[in-house]
Amino acid sequence: MGTIKTTNIEPIANNGTVTLGSSGDTFTVPSGVTVNMSSATQTGVGGDNTPAFKAKSASAQDVTEGSNNLVVLGTEVFDTDNAFSSNRFTVPSGEGGKYYFTAGISSNQAVDTNKTFVVKFHKNGSEILDGFVKIRGVSANNNPSITTSSILVLSAGDYIELYFYTDNSDTNVQIGGGANTFMSGYKLIGI
């Protein structure tokens, strides 16, 4: 067909609408072309990284040595889709996809020499290796904080929980009681 060359397109009426194409049409922006929308009001493009949430520990939690301990996250910082409840994030209907999760655990005790602290995500009640981090004390390490993150592919109804494990049997281990024990996540867009 033909090529239209111009420097400005405006509607006939002030504050009117200009429609490009109709249903089923495709507009292609060639490589090397810059579309500058920095000062425009943008609707229907991009998106929000939601569902999104963050929850943290409300108080110190005793943990059992030699066992996987579900981390109690009693304070919601935010939850865009009401998807976090009872210490777990559940993917809402229609929101499957890739999610970025990050978590941290703060211990109220030191890691004794040659003892292990582990923080990990569980998906649908089973341990997964994504987001599995452990530290081993070489010498007494005062009140360590451990963080981990992972990108997980999830379907609607899948749920993620945070667990803690230690073989630190020399002392009564506590975690939490502050903002350093948390789990957060959000849906990735565009990938």
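Among the residues making up region 124-164, a single one is at pLDDT below 90 and of a type in the set (Asp, Glu): Asp130.
Each row is one residue, and each column tells you yes or no for (1) loosely packed, with under 12 Cβ neighbours inside 10 Å; (2) β-branched (Val, Ile, Thr); (3) under 27 Å from Gly190 (Cβ atoms).
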{"site": "Val18", "(1), (2), (3)": "yes, yes, yes"}
{"site": "Ser22", "(1), (2), (3)": "yes, no, yes"}
{"site": "Thr41", "(1), (2), (3)": "yes, yes, yes"}
{"site": "Ala58", "(1), (2), (3)": "no, no, no"}
{"site": "Gln61", "(1), (2), (3)": "no, no, no"}
{"site": "Glu65", "(1), (2), (3)": "no, no, no"}
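Applying the selection to region 165-188, what residues are at pLDDT 90 or above and not basic (Lys, Arg)? Hits for region 165-188 are Thr181, Phe182, Met183, Ser184, Gly185, Tyr186, Leu188.
The values are calculated or read from the model by the stated rules, or taken from the named source; none is laboratory data. Because the structure is predicted, anything quoted here is derived from the model rather than measured. All Cβ positions, even for glycine, are placed from backbone atoms using ideal geometry, and neighbour counts span all protein chains on display.
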